[in-house]
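Worksheet: one structure, shown below.
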Amino acid sequence: MRKILLAAGTTAALAMAAPALSGEPDECGEIQFGQVNWTGVSAKTETAAWLLEQLGYETDVVTASVPIMFESLASEEIDAFLGLWLPTQRGMIEERMRAGAIDIVGPNLRGAKYTVAVSQDAYDAGVTSFSELAEHYDEFDGKIYGIEAGNDGNEIILSMIDNDAYGLGDWELVESSEAGMLSEVERHTNRGDWIAFLGWAPHPMNINYDMDYLHGGEDYWGPDQGGATVYTMARTGYAWQCQNVGQFLENYTFTVEEQSIMAGHVLNDGMDYDEAGRALAREHPELLERWFDQGGTFQTGAIQSRDGDAALDVIRDALDL
């Protein structure tokens, strides 16, 4: 159901059949999420969609590239997106933010990391900063592996190459996908070959592979080896219009460890994204109180289902807790 857009007539019928929360417009009963094809963002998003479905909401999840997500928010084609990385994506959204075209609901993850990483053998051999890559062109075959085209991390790498930053002017970015890039990391590390690639935390790659992050790229990646905070965004005014959902989106936060565990369930255990989120909630049921049993910016009190029941009780029942 979450993957299927409802026809206008069906939406209207559902809106009349399901009682709306007091003060929340009927149209708030249907939520359009956007996501990018990154394990962490997908797991967070599809888990959020599953949770809201248990509360009586209809949800749809659309996957596209980062630039399309920002444009879709600004044009009100989607309601929410859980994958804004700052400061690395600042240049991609600054114009729209200045125009008031998108709202930031709040951070959903602090202490993230996002920059180029290398295999541990390369790092231990002395390639610990961007300035040391160029002298080892042959060992890396002159390549840095990235993910999907148009991704902000890829764009930063391309900018470094275009500007001949750190002597990387004759290097090549290999664009692929998260899964494709990680298969190259595994292949190289299993053979003992060196590899440079786009890395981030939280992510199971930090557990699955011997790797480390390069220093010295502050001009492109920001301080602290691409230190970042991940934010939840919404179309302008959405979280205030649909305050029950808005309060959930503000409360819906993770630690680096929690998100890494959830992503590990996907990549290491073969779980679907929302299945991984349910597994995390069963392993750490205290998360549910963080997500549902409090008010905040929107002062809704405890979050409710569309029927007016306490969300915390509904979700615990759905998880058999």
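If a residue must be part of a helix (DSSP H, G or I), of a type in the set (Asp, Glu) and within 19 Å of the chain's Cα centre (by Cα), how many such residues does region 243-296 contain?
Start the filter on region 243-296 by keeping residues that are part of a helix (DSSP H, G or I), which leaves 243-251, 256-267, 273-283, 286-292.
In the following step, the residues that additionally are of a type in the set (Asp, Glu) were identified as 250, 257-258, 274-275, 283, 286, 289.
Subset that is within 19 Å of the chain's Cα centre (by Cα): 250, 257-258, 274-275.
The total comes to 5.
Residue-by-condition table, conditions (1) within 22 Å of Trp200 (Cβ to Cβ); (2) touching a strand residue (DSSP E or B) at 6+ places or on another chain (Cβ under 7 Å); (3) at pLDDT 95 or above:
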site	(1), (2), (3)
Asp224	yes, no, no
Cys242	no, no, yes
Ala276	yes, no, yes
Ala281	no, no, yes
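When you scan region 53-80, how many residues do you find that are hydrophobic (A, V, I, L, M, F, W, C), in contact (Cβ under 8 Å) with a residue 40 or more places away in the chain and touching a Phe, Trp or Tyr at 6+ places or on another chain (Cβ under 7 Å)?
So the count comes out to 4.
Here are the criteria: (1) surrounded by 14 or more Cβ atoms within 10 Å (Cβ to Cβ); (2) within 22 Å of Gly29 (Cα to Cα); (3) at pLDDT below 95. Tell me which single one Trp291 does not satisfy.
(3)
Return the pair list, or none, for Cβ contacts closer than 7 Å from residues in region 215-229 that are at negative phi to residues that are among the aromatic types (Phe, Trp, Tyr) and at pLDDT 95 or above, at least 6 apart or on different chains.
Short answer, once both residue conditions are applied: Gly217/Phe130.
Just wondering, is there one or more residues in region 148-171 that are on the phi < 0 side of the Ramachandran plot, touching a helix residue (DSSP H, G or I) at 6+ places or on another chain (Cβ under 6 Å) and hydroxyl-bearing (Ser, Thr, Tyr)?
No, every residue in region 148-171 fails to be on the phi < 0 side of the Ramachandran plot, touching a helix residue (DSSP H, G or I) at 6+ places or on another chain (Cβ under 6 Å) and hydroxyl-bearing (Ser, Thr, Tyr).
For region 122-138, enumerate the residues that are assigned to a helix (DSSP H, G or I), crowded, with 16+ Cβ neighbours inside 10 Å and not aliphatic (A, V, I, L, M).
Once the filter is applied, which keeps residues that are assigned to a helix (DSSP H, G or I), crowded, with 16+ Cβ neighbours inside 10 Å and not aliphatic (A, V, I, L, M), region 122-138 yields Tyr123, Phe130, Ser131, Glu132, His136.
Take the residues in region 149-167 that are aliphatic (A, V, I, L, M) and touching a strand residue (DSSP E or B) at 6+ places or on another chain (Cβ under 8 Å), then tell me which one is farthest from Thr88 (Cα to Cα).
For region 149-167, the residue satisfying everything is Ile161.
Residues that are of a type in the set (Asp, Glu), at least 2 per element: which helices (runs of 4 or more DSSP H) completely within region 18-109 meet that?
The helices (runs of 4 or more DSSP H) meeting that bar are 39-54, 90-98.
Of all the strands (runs of 3 or more DSSP E) wholly in region 139-241, which have at least 2 residues that are in the same structural domain as Glu77 (by TED's automatic domain parsing) and within 19 Å of the chain's Cα centre (by Cα)?
Strands (runs of 3 or more DSSP E) meeting the threshold: 227-235.
Assess whether Gly264 counts as being in the same structural domain as Thr45 (by TED's automatic domain parsing) and either surrounded by fewer than 24 Cβ atoms within 10 Å (Cβ to Cβ) or farther than 16 Å from Lys143 by Cβ (or both).
So Gly264 passes the test.
The values are calculated or read from the model by the stated rules, or taken from the named source; none is laboratory data. Since the model is a prediction, treat every value here as computed from it, not as a measurement. In this analysis, Cβ positions are derived from the backbone assuming ideal geometry, glycine residues included, and neighbour counts consider all displayed protein chains.
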